[in-house]
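Worksheet: one structure, shown below.
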Amino acid sequence: MSATLAEPVTRSGLSCVHCGLPVPSPATALPEADGPFCCAGCRTAWQVIHAAGLGEYYASGDRRLAAVTPSGRRYDEYDHPSFESLYGTTLPDGTREIALYLDRVHCASCVWLVERVPLAVPGALAAELDVPRSLATIRWNPGVTSLGTIARFLDQLGYPSHPFQGGRGEANRRAEDRTMLLHIGVAGAIALNVMTLALALYAGWFGSMEAEYTRYFRWLSMALTVPAVVWPGRVFFTSAWGALRARRLHMDVPIALALGAGTLRGVVNTVAETGPIYFDGVVTLIFLLLVGRFLQQRAQRSAADAAELLHGLTPHTARLVTGAGVEEVPSRSLVPGVTVEVRPGDTVPADGIAREGRSALDLSVLTGESAPVSVGAGEPVFAGTVNLGATIRVEVTQAGEASRLGRILRELEAGMRRRAPVVHTADRLAGWFVAAVLVLAAVTYLVWSRRDPTVALDNAIALLVVTCPCALALATPLTFTAAIGRAARQLVLIRGADALEVLSRPGQLVLDKTGTLTEGRLALETWIGGAGLEPVVLGLERHSRHPIAAAFARAWPTRTAAVIEDPASTLGAGVTGRGGDHRYAIGSVAFVLARAIDPNRLADRIPGHQTGVLLARDGVVVAAAGFGDPLRTDSMAAVARLGERGWTIGILSGDAPGAVAAVGARLGIPPERVRGGVTPEGKLAAVRELAARGPVVMVGDGVNDAPAIGAATVGVGVRGGAEACLAAADVFLAKTGLGPLVTLFEGAERTMAVVRRNIAVSIGYNLVGAALAVTGTIDPLIAAVMMPVSSLTVILLSVRSKTFEAPR
């Protein structure tokens, strides 16, 4: 079922009873006894909602103000045997569950409507909608209803759906997050109570608290602390034990020792009713470290999100040609030898050979080529490319992971797995620092055991507590967290802190051309012809769907198209027609010269790196046009500034070598560092060769850039880029142009300067504290007070530092 909004000529003064938008004039409105509707889609949705007994929807003051336009899909592929096995899950009780993306999700009323699907569709058991992600989780009984029935119902309400492939991983992720949050909640609650008890004990020192109350508060503190150490805090002990078994030292080793020593000493002092207890410091440390670990874990989730984005490049369904006609099936079920139909606007679902029809394909997402490519019978087509012209039928030769796109994505995923994280300065110091602390603590205990055995253990514990590497551990991640937050406010989205360390030092910078340095669309750059011919060109191009026709329209927005009679369009070549007393032909150089002569050799005056178009009148060429991909307005300034900062800049592009060389010349990049006509595989090999000699940064926007971005030390995706490119990238520039790239590099340099300062402060603080503990100047209680002060100092320095400053 499809619905089209009536074109309003005048307004009736009424509002649609479903969406609230103005109703067209009575001549075009859709009258109903229960109220006017602006379109057939809203009428259908209104009828479906009331038939299901969900009329309360209209009581919501926040309901969607948009006309309903059902997609008209039948969703038969949802009931295909392979579909549910690919995207759904069978639960232990025999019911099934699936996650679906819903289009046009808007507000709370959408939640109300979607989550009441079980009331309207028998057999639908549950529906939950995550509004920010437009993700609906549907559970149903396959013996009563089908998934296709539920999807058609949602479509009638105005929510077309698409399968979400990360459903199983998402469930595991939610379970892991719930466990972490539970641990944080328990540790936080215990820390709050133990701190309250500690305040009472501290106050008792000055007010002579009675012994029985002191004993009660100490034992109660111990009763609360031990479970916190044993349950939420066990992650640090497990990690430390694993490090020791692997014969490695990292931050969790001294943390576990400090937690264990502090807890053990507190228990001993509580039982012996002598000396201080350290339970407040122990539980607070557990809580803060768990919060930090949770935030770090969330930041590392990008790989799973990236994997889901990769699969959005090919359609979930394909139109399979059978003896009975054409039916929609999951694209993953395609096998070599079958024939699929690809209609205008569709994405090709698999590699194959065109068998019927002729069309033009947009290959930019795969090769970076900015101009559409014509294909006909017997010519190859590739998955992921978009059909711009007419319907074609393709015999599948490779599908899924065996397709060219699948191989590219497999290379990308392998590169993302192979890429080792950059080791931060703090991490390089961690092993030596931990070893030094442990040796120094042992020496302190042995020395004091000979001088005064009663304070030997306290001094060793004081050393472990005051030198707890929290400040050193926070020095790097806190600075990066603050910097990433500031960068995000400027729409520079950084996936991992390791990227900033690489970007802070000049090295090799490789740029894609199409969509990165240039705007990624055709534009008229050369016009040789009189102004009087412009209306004729626009009139002819109105009968073409080629991107060049749109480029002509953008170039002359104020001109009026001439009337063309008897137009005839040759797909991917040109258009002919009659205007007034003249016969015209416009199109590619080969198309026009096959029909006309060019006495003035206008075709030779089109620059070689541009796509040429000729206009002939009565068999004689009278005008010529050249189209190219124009540079972004800030590309020249950005490249010059990055060159001044010491970066060695090159271009790798899949576009025509002539066009790439012209761009390189305009930007002042030496020809030996400019390469055009490079395949995705070639880009990958080139970046790997550069990476073998040192750090390399790759900036791009297409699927053809994705493997190279994944293999680079740091990959940067620009706004408008393909999903796979953004999935592979460590940084995403959400603003257009290359200006944000300069902001990224400058901010990275300032961030690393702050990191080095914070590390110096934390090490200096620990050295002073260690000296005081070794000499017996401070006891464990004072050490417990000094320890968070160092962390607070680093926090303030990180938060207040200006890393990514807002532009003036």
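The values are calculated or read from the model by the stated rules, or taken from the named source; none is laboratory data. All of these numbers come straight from a predicted model, not from anything done at the bench. Positions of Cβ are generated from backbone atoms using ideal geometry, with glycine treated the same way; all protein chains shown enter the neighbour counts. Note: areas computed on protein heavy atoms with side chains; ligands, DNA, RNA excluded. Shrake-Rupley method; radii C 1.70, N 1.55, O 1.52, S 1.80 Å.
Some notes on this structure:
- Residue among 211, 198, 191, 228 that alone is modelled with pLDDT under 85 and either open to solvent by less than 60 Å² (accessible area, probe 1.4 Å) or farther than 18 Å from residue 281 by Cβ (or both): 211
- In region 593-627, residue farthest from residue 534 (Cα to Cα) [restricted to those that are in a strand (DSSP E or B) and among the β-branched types (Val, Ile, Thr)]: 597
- Some residue of region 134-142 being β-branched (Val, Ile, Thr), surrounded by fewer than 17 Cβ atoms within 10 Å (Cβ to Cβ) and over 18 Å from residue 80 (Cβ atoms): no
- Breaking point among (1) at pLDDT 75 or above; (2) open to solvent by 50 Å² or more (accessible area, probe 1.4 Å); (3) not assigned by TED's automatic domain parsing to the domain that holds residue 508, for residue 799: (1)
- Considering region 236-273, the residues that are touching a helix residue (DSSP H, G or I) at 6+ places or on another chain (Cβ under 9 Å) and not in a helix (DSSP H, G or I) include one that is farthest from residue 211 (Cα to Cα), namely 248.
- Near pairs, Cβ below 7 angstrom, 6+ apart or cross-chain, from region 486-506 (closer than 11 Å to residue 697 by Cα) to any residue that is in a helix (DSSP H, G or I): 503/744; 503/745; 503/748
- Just one of the listed residues (622, 613, 589, 563) is within 15 Å of residue 524 (Cβ to Cβ) and not assigned by TED's automatic domain parsing to the domain that holds residue 375, and it is 613.
- For the condition at pLDDT 85 or above, in contact with a strand residue (DSSP E or B) (Cβ under 6 Å, 6 or more places away or on another chain) and either farther than 30 Å from residue 686 by Cα or surrounded by 22 or more Cβ atoms within 10 Å (Cβ to Cβ) (or both), residue 539 does not qualify.
- Any hit, region 238-259, residues being at pLDDT 90 or above and open to solvent by 20 Å² or more (accessible area, probe 1.4 Å): no
- Residue within region 724-745 that is buried (at least 17 other Cβ atoms within 10 Å of the Cβ), out of contact with any helix residue (DSSP H, G or I) (no Cβ under 7 Å at 6 or more places or on another chain) and modelled with pLDDT of 85 or more present: yes
For every residue, the table says whether it meets (1) buried (at least 16 other Cβ atoms within 10 Å of the Cβ); (2) over 30 Å from residue 503 (Cβ atoms).
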| site | (1), (2) |
| --- | --- |
| 619 | no, yes |
| 633 | no, no |
| 641 | yes, no |
| 651 | yes, no |
| 660 | yes, no |
| 665 | no, no |
| 674 | yes, no |
| 678 | yes, no |
| 688 | no, no |
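- Scan of region 84-105 for residues that are over 15 Å from residue 125 (Cβ atoms) and among the basic types (Lys, Arg), ordered by number: 104
- Within the option set 462, 441, being modelled with pLDDT of 85 or more and within 22 Å of residue 281 (Cα to Cα) holds for one residue only, 441.
- Strands (runs of 3 or more DSSP E) completely within region 470-579 that count 1 or more residues being in contact with a helix residue (DSSP H, G or I) (Cβ under 6 Å, 6 or more places away or on another chain): 492-494, 508-511, 523-528, 574-579
- Verdict on residue 658 being part of a loop (DSSP other than H, G, I, E, B) and among the small types (Gly, Ala, Ser): no
- Residue within region 644-653 that is assigned to a strand (DSSP E or B), closer than 30 Å to residue 544 by Cα and among the hydrophobic types (A, V, I, L, M, F, W, C) present: no
- Only one of 520, 530 that is touching a residue at least 24 places away in the same chain (Cβ under 8 Å), open to solvent by less than 50 Å² (accessible area, probe 1.4 Å), of a type in the set (Gly, Ala, Ser) and at positive phi: 520
- Flag if residue 430 is open to solvent by less than 30 Å² (accessible area, probe 1.4 Å), modelled with pLDDT of 80 or more, closer than 23 Å to residue 285 by Cα and in a helix (DSSP H, G or I): no
- Scanning region 308-323 for residues that are surrounded by fewer than 17 Cβ atoms within 10 Å (Cβ to Cβ) and either modelled with pLDDT of 80 or more or farther than 25 Å from residue 387 by Cα (or both) yields 322, 323.
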